[in-house]
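A short reminder: the numbers here are calculations on the coordinates, not readings from a lab. Because the structure is predicted, anything quoted here is derived from the model rather than measured. Cβ placement follows ideal geometry from the backbone for every residue including glycine, while neighbour counts extend to all protein chains displayed.
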Amino acid sequence: MVPPSSAPRIQNHSSHVVTRLPQRCGLLAPNSASGGVLGSTGPGSHNEYMVLLEAAFVFGLLGLITYLILRLLTRPAEGRNATRIGRWLTVHYDVDGETRVAVNKVSVGGATVLDEHVVARIPVGDPEYDAKFMAAMAAARERQALFEAEED
């Protein structure tokens, strides 16, 4: 910056002396150290760092938007498991001292359970275990037939 004592003085029509200082405005101001080229910055100027910071921010934001769009388009259909392609099976298994009879929808390969409907929970020590188990399996088979008919 030019010291006020060496700056040109301009007298306006109200007889006040106005001191005009040279102005530099960011990247568009000519710079004596760089030959007066527009868009260049001199040594010690922080503009080049701000330009790099802004460019990194813009590229990061574009990358994030691209990632989110691709993630949205390629995500699995969560919440729509019951409508996925698969087959219904009647199953039973023991958990925590009880037998659970259920109808499961499994993926085509059978590796993933897509949906499960528990038909009955029978305690293992129940004296009428066999009768309850057979009745639950019959109910599960009926429900399996119902689910298969709904998908056709």
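A compact table of results
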| item | result |
| --- | --- |
| Long-range amide H partners of Ala120 with built H, under 5 Å | Val101 |
| Residue order, fewest to most surrounding Cβ atoms within 10 angstrom, among Ile65, Ile122 | Ile65, Ile122 |
| Percentage of interatomic Cα-Cα distances in segment 50-152 larger than 23 Å | 51 |
| Under the Karplus curve 6.51 cos²θ - 1.76 cosθ + 1.60, θ = phi - 60°, whole-Hz ³J(HN,Hα) for segment 118-123, x wherever Gly or Pro sits | 7, 8, 8, 10, 10, x |
